[in-house]
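Asks: Quick one: the structure is below, and I'll ask about it shortly.
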Ligand SMILES: [Zn+2]
């Protein structure tokens with residue numbers, strides 16, 4: 001980080017950070033730092049303003065989400081609920097996979113939902129995607145993150161830098177969402 005200042009774009013206050021390591025413009029929305037635009041070194045700062053304007057809807061949605069879900073407790077569920085709502089969960093998973101795979105175009109085999117205690121999702125070596133049925137209780141940005149996360153495992157079966165770069169193509173603020181998901185008690 002080289003410099004930092006506060007700008008304002010249509011009532012969205014944001015900070016600009018110049019980074020020598022960044023290769024492209026990035027926006028993040030966090031509980032502590034608010035909206036931060038990271039600008040690669042040598043980029044025109046005016047581009048940050050344009051970028052914020054373009055991403056305005058996404059930013060407002062993220063800010064709203066931060067407010068609503070701060071401090072929630074982990075989920076509890078019953079087998080009865082699982083049986084009653086697994087169809088709903090499967091439909092949600094299928095829709096989201098279809099939506100986000102529009103960006104990636106990966107090949108996958110089966111999508112399933114399970115009642116699990118410790119995982120939100122997984123991706124098998126054969127290309128099967130599995131999700132915890134409790135995704136029906138998650139805020140939508142977290143379902144989006146989770147689905148993108150598992151989709152990207154179709155290409156990268158690890159959490160390497162390449163993997164996270166792949167995730168960031170669809171979910172630029174994945175770091176925050178990953179942290180938020182952990183608050184709900186299980187991992188991905
Ligand atoms: Zn993973």
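Asks: Which of 38, 78 comes first, and how do the rest follow, when ranked by fewest Cβ neighbours within 10 Å? Before the final figure, lay out each step's value.
Replies: On the way: 38 20, 78 9.
Ordered from fewest to most neighbouring Cβ atoms within 10 Å, 38, 78 come out as 78, 38.
Asks: In what order do 159, 149 fall by count of nearby beta-carbon atoms within 10 Å, going from fewest to most?
Replies: Details: 159 13, 149 26.
Least to most surrounded, the residues fall as 159, 149.
Asks: Once fully extended, how much extra length lies between residue 20 and residue 114, figured as 0.36 nm per residue of separation less the alpha-carbon to alpha-carbon distance? Intermediate results must be reported in sequence, preceding the final value.
Replies: Numbers: separation 94, 0.36 × 94 = 33.84 nm, distance 4.39 nm.
Additional length available on full extension: 29.5 nm.
Asks: What is the range 79-183 by shape, rounded, prolate or oblate, if you read a ≥ b ≥ c off the alpha carbon gyration tensor as root eigenvalues and call it rounded for a/c under 1.5, prolate for a/b larger than b/c, and oblate otherwise? Don't skip to the answer; put the middle values down first.
Replies: Working: a/c = 1.74, a/b = 1.38, b/c = 1.26.
Taking the square roots of the gyration eigenvalues as a ≥ b ≥ c, the range 79-183 is prolate.
Asks: With runs of 4+ DSSP H residues as the only contributors, calculate the mean residue ellipticity of the chain at 222 nm using -39,500 (n - 2.57) per run, divided by the residue total and rounded to the nearest 500. Spell out each step's value before the answer.
Replies: Working: 6 runs with 82 residues, N = 188.
So the helix-based figure for the chain works out to -14000 deg cm²/dmol.
Asks: What ranking of 157, 66 emerges when the number of other C-beta atoms within 10 Å of each C-beta is taken as an exposure proxy, fewest first? Mind showing how you got there, number by number?
Replies: On the way: 157 12, 66 16.
Sorted ascending by nearby Cβ count, the order is 157, 66.
Asks: Quick one: pull the percentage of alpha-carbon pairs in the range 92-147 with a separation above 18 Å. Can you show the working numbers first?
Replies: Numbers: 400 of 1540 pairs.
Percent of Cα pairs beyond 18 Å in the range 92-147: 26.
Asks: What distance in nm separates the simple spin-label points at residue 104 and residue 86, each placed 7 Å from Cα in the Cβ direction?
Replies: Placing both labels 7 Å along Cα→Cβ, they lie 2.4 nm apart.
Asks: With r defined as the distance between the Cβ atoms of residue 41 and residue 122 and R0 fixed at 25 Å, what FRET efficiency is calculated, to the nearest 0.05? Working shown, then result.
Replies: Working: r = 39 Å, r/R0 = 1.55.
My answer for the efficiency is 0.05.
Asks: Equivalent-ellipsoid semi-axes (√(5λ), Cα gyration tensor) for the chain, whole Å, largest first?
Replies: Values: eigenvalues 211, 73, 36 Å².
For the chain, the ellipsoid semi-axes come out as 33, 19, 13 Å.
Asks: Could you work out the relative contact order of the range 34-188, using alpha carbon pairs under 8 angstrom and six or more residues apart, expressed as a whole percent?
Replies: Details: 159 pairs, mean separation 35.4, N = 155.
After rounding, I find 23 percent.
Quick note: the coordinates plus some simple rules give every number you see, no bench work behind them. Since the model is a prediction, treat every value here as computed from it, not as a measurement. For neighbour counting, all protein chains shown are included, and Cβ atoms are generated from backbone atoms with ideal geometry for every residue, glycine included.
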